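Have a look at the structure below, then the notes.
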Amino acid sequence: MIDPSLSTPINLHAIYAVLSNNLQIDIALLSAPDSIYIYDFYANYPTVAYTNGGNSYQNTSLGMTLTQGNQYEFIFNYKPSEYRTSWDSDMKYQGIIVGEIINRNGVLLKKTNKPFTKSDACWTINATVPFTNAIYSSSFCCVRFNTDTIETTQAVSTTTSPLTSTISMPSNDSRSNAVGALCSNNTNQAWLDIIFVFDTSNAMGQLNLNAVGAIIASLMRKFNIAQNGNHTTRAGIITYASDVTSVYELKDVTDFKDFVKVLHSLSSHPNDSGGKILQALSYAYTILTSQSSYRIPMIVLVAAAYDRNGLQGADTTPSIIKDSGVSIVVIHYVVDGNEALSKELQNISSPGFYYNTDRDQFSANLSYAFTQINCACPKGWMQLQVYEKEWNNYTRYRDCYNSDGTVASASIANDFCDGGTLIALTSPEKLEFITDNFTKENLIFRRLKKFSIGLHKASDLTWKWWGYNGTEYALGNYPVMSQTPSPKDNFGYMSRYGFNWTLYTGDDNDVELPYICQKQACDAEYFCSRSKLQ
């Protein structure tokens, strides 16, 4: 800006960084004709954010929320020393519009309602400062279009010197806004030991047994059934009615064709009124333990009826099996809508692993359940699980956590995470899981009310999370920074006031806090020894 009565122009420079629906602005007054002055800078829809600077060309910053559908004018006011008797009025130069954006349907538009493009990246204004003879010009430009780095809109008045911004925006990387890392659902790579326990009582009948055989065959052809190999699955078969019979044991497994032959023979087994479920489960558990391998063990119970006498001790046998680390999947083959059986079978199953054949996408859900069971954490680590209300079960994620409350700087903590990294706190669900299982339980967390996370300033000066296998990815929509980071800040931490957790940034050299480590779970595609698992 130039005032004809003055020999020195006023040069203002601002850099705008878009972070999801938030805007961070770093402002610097590069030169001014007065040694003592005050200026302010704000957005006026309405005055949603405001900051002011003093003399010595002080830099300042502000943060604000970009509300959908709003139009924001960015305004600069300037007051030299002779005007300092009144702060709220009589600015010498005021109402100088240096930039404008419109937030429409998640797209930032120029004042002209046109999008910023590489071929048309700026909105320029040349005007007179209201109520004066001074003139000014401002260019408001989008200078970064790369979607995996920052999206920046820059306002410049008579200067093009860049400022350094340390704010990042979400990239196209799906990890940035994910609840957690999804477990692999690649059934062909799974490594499971499965014992199928089939009800062959007269409640099933020959036709239903044939139908069940077809369901299981269709399911298991997706798996690599073999006796040897890291990414292979073994499947055994037990039948029960009035007696329990081992038909095909884990040590007998050869390939899928042999497994199917045994399924075809199910209808030839005893067809009486027996229903010795618990005895059959106990036998299945014995085979899993006596013929164990490096694979993850599980039992699949297929039931259509039960003998009340056969369920004596129903609270004991399944609990012992599940407490040992063996998952129980229950398939209720619905033939008569028996509610009592349904309740009993739900009690037998591991949480979230009860299915009935009347349910939509039954086969697909079973396949997913098997790969969920094939997703497990190393001993001593807690696996992220999120309750899904729609399905009345929990989703396991490929994220494992550990913390004993040790206090250290963020960089030191990250180096000592036993092959993992500091936690990537990308979702409210993950924060809720962490607070329920760590910050409420550990005395150090409760006392300090803060903990370090894996958010850090990367080499390109954007804020990123550490990922698995030495990767990094951009900060997404969550959590929102509470304030603009100081130039020397290089790591993030969470701080609690009352019931609310807020993201702050700090200098790793100045702060030591408790921390939570994160490690990749073993799953279908990421093989690891069962002896190291929970």
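The values are calculated or read from the model by the stated rules, or taken from the named source; none is laboratory data. Since this is a predicted model, take the numbers as computed values, not measurements. Note: ideal-geometry Cβ built from the backbone for every residue, glycine included; neighbour counts use all protein chains shown. All accessible areas refer to the heavy atoms of the entire protein, side chains included, with ligands and DNA or RNA removed. Shrake-Rupley method; radii C 1.70, N 1.55, O 1.52, S 1.80 Å.
Details
- Take region 351-483 with all the other protein chains still there, run a 1.4 Å probe, and you get 46 Å² of accessible area per residue.
- Cα pair distances exceeding 16 angstrom across region 414-516, given as percent: 56
- Here the accessible area of region 334-464 is 45 percent carbon and sulfur, with a 1.4 angstrom probe and all protein chains present.
- For a straight C-alpha distance cut-off of 17 angstrom, the lysines reachable from LYS276 (same-chain residues fewer than eight places away being disregarded) are LYS343.
- Oblate is the label for region 190-310, because the ratio a/c of its alpha-carbon gyration tensor axes (a ≥ b ≥ c) is 1.5 or higher and a/b is not greater than b/c.
- Taking 24 Å as the straight-line reach from the Cα of LYS92, the lysines in range (excluding those fewer than 8 positions away in the same chain) are LYS79.
- Net charge of neighbours whose Cβ lies under 12 Å from the Cβ of ASN188, counting Lys and Arg as +1 and Asp and Glu as -1: +1
- Remark: the Cα gyration tensor places region 457-534 in the prolate category, a/c being 1.5 or greater and a/b exceeding b/c.
- Among the listed pairs LYS222/LYS257; LYS389/LYS430; LYS322/LYS440; LYS118/LYS457; LYS110/LYS457, a Cα-Cα separation exceeding 19 Å is found for LYS322/LYS440; LYS118/LYS457; LYS110/LYS457.
- The alpha-carbon of LYS251 sits under 18 angstrom from the alpha-carbons of these lysines, leaving out residues fewer than 8 places away in its chain: LYS261.
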